[in-house]
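Peer 1: This is the structure I have questions about; it appears just below.
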Amino acid sequence: MRSLRTNTHINASPTNVFRVLADFRSYADWNPWLRAVAGITEEVKVGDVITVKLRVTGLFGIRLAYRVERLRSPDTLLLREVSWFEFLLGIQREYQVLTRSGGSAIFSAGLRINGPLAPVVKFLGSKYVRRALKKEAAALKKYCEAHYPLSGTAAGSGSEA
């Protein structure tokens with residue numbers, strides 16, 4: 001399956017955006033999909049496995065585990081889902097933070113789904129997955145601009161897909 005991707009301008013420095021992105025303890029504060037994150041050491045490094053509990057309705061929250069594949073400050077974070085069904089449906093999340101003229105950031109979130117079940121996800125849910133990526137990017141934008149705004153500049157113009 002091709003990668004689904006969304007981009008958004010964030011009126012905060014790329015360093016601060018990446019700092020928030022690499023601070024897994026803060027994900028429940030800004031990420032609309034996550035209720036809690038576990039498995040975090042003092043400093044997350046490549047190879048660490050992080051468990052997230054999703055915000056879903058019902059009695060039990062869904063838990064997913066991701067291995068940190070790449071963590072390159074100040075611009076790249078790559079996570080791969082670790083599960084028993086990984087050979088059927090492999091999920092990889094890629095986040096990039098780029099510098100925009102004027103010192104603000106462009107945040108890019110991508111999701112790549114591979115494996116024999118990938119065409120099913122593409123057929124049934126790519127519209128919803130793309131919408132979820134945009135919602136996640138908008139939440140990061142809102143959090144970063146509220147906590148780390150660039151001084152003397154106007155707020156960003158929103159998402160660019």
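Peer 1: Could you tell me how many of the residues in segment 98-125 are closer than 19 Å to residue 32 by Cβ and not aromatic (Phe, Trp, Tyr)?
Peer 2: Result for segment 98-125: 5.
Peer 1: Can you name the residue in segment 8-26 that is among the hydroxyl-bearing types (Ser, Thr, Tyr) and in a helix (DSSP H, G or I) and, of all such residues, is nearest to residue 102 (Cα to Cα)?
Peer 2: Residue satisfying both the conditions and the ranking: 15.
Peer 1: While we're on this one: If I ask for residues that are part of a loop (DSSP other than H, G, I, E, B) and either in contact with a Phe, Trp or Tyr (Cβ under 8 Å, 6 or more places away or on another chain) or not charged (D, E, K, R) (or both), which ones from segment 28-52 would you list? Please lay out each step first, then the result.
Peer 2: Going residue by residue through segment 28-52, those that are part of a loop (DSSP other than H, G, I, E, B) are 31-33, 39-48.
Within segment 28-52, 31, 32, 33, 39, 40, 41, 44, 46, 47 meet the criteria.
Residues are listed down the side, and each one gets a yes or a no for (1) farther than 14 Å from residue 3 by Cβ; (2) assigned to a strand (DSSP E or B):
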position	(1), (2)
65	yes, yes
78	no, yes
112	no, yes
120	yes, no
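Peer 1: Can you tell me which residue in segment 110-152 is farthest from residue 75 (Cα to Cα), limited to those that are touching a Pro at 6+ places or on another chain (Cβ under 7 Å) and not acidic (Asp, Glu)?
Peer 2: Taking segment 110-152 and keeping what is touching a Pro at 6+ places or on another chain (Cβ under 7 Å), we get 135-136, 139.
If we keep only those that are not acidic (Asp, Glu) as well, we get 135, 139.
On the way: 135: 20, 139: 18 Å.
So, considering only residues that are touching a Pro at 6+ places or on another chain (Cβ under 7 Å) and not acidic (Asp, Glu), the one farthest from residue 75 (Cα to Cα) is 135.
Let's see how each residue does on (1) modelled with pLDDT of 85 or more; (2) in a strand (DSSP E or B):
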site: 71; (1), (2): yes, yes
site: 84; (1), (2): no, no
site: 88; (1), (2): no, no
site: 106; (1), (2): yes, yes
site: 138; (1), (2): yes, no
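Peer 1: Among the residues of segment 105-120, count how many are over 13 Å from residue 11 (Cα atoms), hydrophobic (A, V, I, L, M, F, W, C) and crowded, with 17+ Cβ neighbours inside 10 Å.
Peer 2: Here the count works out to 4.
Peer 1: I've got another one for you. Need pairs with beta-carbon distance below 6 Å; first residue polar (S, T, N, Q) and within segment 8-25, second part of a helix (DSSP H, G or I); sequence gap 6+ or separate chains.
Peer 2: Every condition considered, the pairs that remain are 8/137; 8/141; 11/145.
Peer 1: Then there's this: Confirm whether residue 102 is exposed (fewer than 14 other Cβ atoms within 10 Å of the Cβ), touching a residue at least 40 places away in the same chain (Cβ under 8 Å) and either in a loop (DSSP other than H, G, I, E, B) or out of contact with any Ser or Thr (no Cβ under 7 Å at 6 or more places or on another chain) (or both).
Peer 2: Yes; evaluated as a whole, the condition is true for this residue.
Peer 1: Let me ask something else. Restricting to segment 103-133, and then to whatever is within 14 Å of residue 90 (Cα to Cα) and among the hydrophobic types (A, V, I, L, M, F, W, C), can you tell me which residue is nearest to the chain's Cα centre (by Cα)?
Peer 2: Going through the qualifying residues, I end up with 111.
Yes/no per residue for (1) modelled with pLDDT under 85; (2) loosely packed, with under 13 Cβ neighbours inside 10 Å; (3) over 23 Å from residue 89 (Cα atoms):
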position	(1), (2), (3)
26	no, no, yes
29	no, yes, yes
48	no, no, no
51	no, no, no
62	yes, yes, no
65	no, no, no
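The values are calculated or read from the model by the stated rules, or taken from the named source; none is laboratory data. The shown structure was predicted, so the numbers you read here are calculated from the model rather than taken from an experiment. Ideal geometry is used to build each Cβ from the backbone, glycine not excepted, and the neighbour counts take in all protein chains shown.
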